[in-house]
Every structure is written in C-alpha cells, then in structure tokens.
Amino acid sequence: MNEFVCVRLIQGNGLDLTLFQFDYDLTFAAFFLNADRTLYGRYGTRSSLKEAEVDMSMPGFREALSAALKLHRGYPDNREALAGKQALEPRFKVPEEFPALREFKLKLDYEKKEFNGCIHCHQVRDAERKLLRDRNESFSDRDMFPWPMPDLLGLVFDPEHRATVKSIANGSPAARAGFRAGDDLVSMSGQALVSTADVQWVLHNAADGAKLPVRVRRDDREATLTLELPTGWRRAADVSWRPTSWDLRRMATGGLVLENLTDDERRDAGVKDDQLALRVKYVGQFGAHAAGRDAGFQKGDIVIEYDGVSKRLTESGLFAHATQVRKLRDRVPITVLRNGEKKKLTLPMQ
C-alpha cells in the first residue's frame, strides 16, 4: 500500500461517472489508477447478501495490488492491454444529472451532527433504470443483469487469489472452453486482468454469442482458450439480493417480495416442478411500494401465473419479464393460490 497514493470516497455525490464505472451494488470497490486517469484495474466482487469475505479476501486484494503495480511499471508500453478497461461514455457525467437524483444536495454539518443528501452508489443504478422506465423503454439483459459473476459460465474463482480458477462446472461453457482448476487468468479479450472484478467488466460489456479469447497461466506455461457466451446466459443470474432490486420490485410487483417454494412446499401446494410458484414473503405498505397491497395481494399468496407465464421462474426472472416485455402503466393479470384456492388479481406496472 505504501507504493500507492490512497484516496477514499465515502459517498456518490459528484462522483465522476466518466471514470468510476463499477458494480454499484458493492460494499467495497477499489480502483487502481495512473495519475493521468488510465485505469489499471478494479477490485471488488459480491455475489449475494453473505459477508463480502465469501468473494474477497486480504490475500486476494494483495495479489491484485501487486498485479496493478506490475502494470504500472510497464506503462505506457502496455497501453494496448489497458484500452478495453477504460470507462465507457456514460449517460451523465455525475449522478446529480440523472432526473431521479437532481434534488440531492449533500449537507455535512459535523458540529450540528446533520448529515443528509448523500447519494449511495446503488442509487446510480436505480436512476439509470428509472430513466429507461420513465421513457417506457425495455431493459436489455445488460440493464437487468449487470456485472455477471463468472460462475454463470461455470468459472468459480478462488477469493484468496486475484483471478485463479477454483473449480469448473461440468458441461458449462468454461468446461467446453478447456479451463481447469488452478488456471491463473492473465487476460480476457486482450485486457490485462488484476482481479475477478476485471473479468466481470469484460462480461458486463460482452454480447451474447461473443467468443472471448482468454490467456491463462498453467503449470508455468501460458495458453489461450476461447470462452463462448451462449444466448441468454446472463438470465440465470440472481439479482434479488442486490439493493437495486428494491426498485425493480416497485416496478414489477408493486412492492411484493417473493421467494421460491421448497420441493416439499410445492408438493403440499399441488404445484408441479416446472410450474411458477413464488410465495409472497412481504407486502409493501408505503407509497408506490404499496401497489401490490392495493391490488389485493396478501402475505402467503403463491403466484402461479404472471402475465400468462406459468413456467418456473425465479423472482429475478419475473423482474426481467416485467421490465423487458411489459411497459409502464400496463396492467398485468396474475393468478395466485390463497389457502388452496385460485384467485385472479391485476397489478399495474410502475
């Protein structure tokens, strides 16, 4: 750390979005930068509401620091390997330019202990989606499933290292590409990697069907593999744990929190294995998050059909249908099981 000039940002007000583009649902994120704003890499990964240590560690962070320093020592001769890592052109340069965030005025009065108007990082993603929804535009898979984890492709990384494969899922795109446990990823799509977050950056911006060249170090030798991204691969992601899922619930379920039934609960309810069955765990009570309550939904209801769809879906899959198929102010028919009886309700899309 002594070889870095360390700067800590604790809120998103005035955040330079032409530079700081990352997974806005994280607890912690680090950027390794040259003084001329060239980005060497990102660090920070999270896959659930579990403790961040599940996906990150101090040894892994240390290795990422070392990798960033190595890139710094090779700069500017390695510019080509860094070009794809740089931030893309954002919609707005700072969060306050988003319509949903224009009223946020930061106030920090330490003497009076008055602190308000702070923009949290996750609000940037909320504002991006709200902008699309207010324009009545459908969400892309990238909008809906941001910063996908590599395990969607069968690549599980070891958090104790910067970008080392821990295991490979059988039959996965990673297995078909020839990855092995212990592979150390050097680059992906020509971009030098310092962490799993760098891998996520590549995946976040990759198109379905893309064939990504991946350079790996294996047994003191390097090899190039090709990772192919199948159509719809992002859709297996779970976004329900993310803070930004709260506004998706407002849009898609009117503030309802939904949970999967267990196999035993499915049998007890008479629901087939391949059928939609999401139980209402919580019913919002305030503002726009009370739309589900106002439509007649109750805690314990089991959603078995949503807008004509009765196939098995996760809560995330339901969010995707609502934001990619349905438009603002549409009225969606929903069938629920309540005390064993079917009940038809209608929910407005927000």
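The values are calculated or read from the model by the stated rules, or taken from the named source; none is laboratory data. Here the structure is a predicted model, which means the values were calculated and not measured. Virtual Cβ from ideal backbone geometry, glycine too; neighbours counted across all protein chains shown.
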### Message
On the basis of being surrounded by 13 or more Cβ atoms within 10 Å (Cβ to Cβ), among the hydrophobic types (A, V, I, L, M, F, W, C) and out of contact with any helix residue (DSSP H, G or I) (no Cβ under 6 Å at 6 or more places or on another chain), does residue 248 make the cut?
### Response
no
Note: among 330, 307, just one is among the charged types (D, E, K, R), in contact with a Pro (Cβ under 8 Å, 6 or more places away or on another chain) and surrounded by 15 or more Cβ atoms within 10 Å (Cβ to Cβ), namely 307
Discussion item. Tell me whether the range 270-290 contains one or more residues that are assigned to a helix (DSSP H, G or I), at pLDDT 95 or above, of a type outside the set (S, T, N, Q) and under 25 Å from the mean Cα position of the chain (by Cα).
Written reply: yes
All-but-one check, residue 243 against (1) free of Cβ contacts under 8 Å to residues at least 40 places away in the same chain; (2) within 18 Å of the chain's Cα centre (by Cα), failing number (1)
Margin query: Going by what's in this entry, would residue 151 be described as outside any loop (DSSP other than H, G, I, E, B) and within 30 Å of residue 222 (Cβ to Cβ)?
Written below: yes
Within the range 6-54, the count of residues that are acidic (Asp, Glu) and farther than 25 Å from residue 104 by Cα comes to 3
Residue 18 surrounded by 20 or more Cβ atoms within 10 Å (Cβ to Cβ), of a type in the set (Val, Ile, Thr) and within 21 Å of the chain's Cα centre (by Cα): no
Only one of (1) part of a strand (DSSP E or B); (2) surrounded by 16 or more Cβ atoms within 10 Å (Cβ to Cβ) does not apply to residue 108, and that is (2)
The residue that is surrounded by the most Cβ atoms within 10 Å (Cβ to Cβ), considering only those in the range 128-164 that are more than 13 Å from residue 174 (Cβ to Cβ) and among the acidic types (Asp, Glu), is 128
The one condition residue 60 fails out of (1) assigned to a loop (DSSP other than H, G, I, E, B); (2) surrounded by 14 or more Cβ atoms within 10 Å (Cβ to Cβ) is (1)
Selection from the range 161-193 of residues within 17 Å of residue 56 (Cβ to Cβ), part of a loop (DSSP other than H, G, I, E, B) and touching a Leu at 6+ places or on another chain (Cβ under 7 Å) yields 163, 193
At pLDDT 95 or above and more than 27 Å from the chain's Cα centre (by Cα): does that describe residue 109? no
Of 33, 88, 71, the only residue that is within 30 Å of residue 316 (Cβ to Cβ), modelled with pLDDT of 95 or more and not aromatic (Phe, Trp, Tyr) is 88
Note on the range 211-229: residues part of a loop (DSSP other than H, G, I, E, B) and surrounded by 12 or more Cβ atoms within 10 Å (Cβ to Cβ) are 229
Exactly one of 59, 95 is more than 19 Å from residue 185 (Cα to Cα) and touching a residue at least 60 places away in the same chain (Cβ under 8 Å), and that residue is 95
Residue 293 vs (1) within 14 Å of residue 253 (Cβ to Cβ); (2) outside any strand (DSSP E or B); (3) in contact (Cβ under 8 Å) with a residue 40 or more places away in the chain: all pass except (3)
When the range 262-273 is checked residue by residue, the ones that are under 10 Å from residue 312 (Cβ atoms) and surrounded by 11 or more Cβ atoms within 10 Å (Cβ to Cβ) are 266, 271, 272
Residue hits (the range 29-52; in contact (Cβ under 8 Å) with a residue 40 or more places away in the chain and among the aromatic types (Phe, Trp, Tyr)) are 32, 40, 43
Here the residues within the range 317-342 that are touching a Lys or Arg at 6+ places or on another chain (Cβ under 7 Å) and free of Cβ contacts under 8 Å to residues at least 40 places away in the same chain are 332, 333, 335
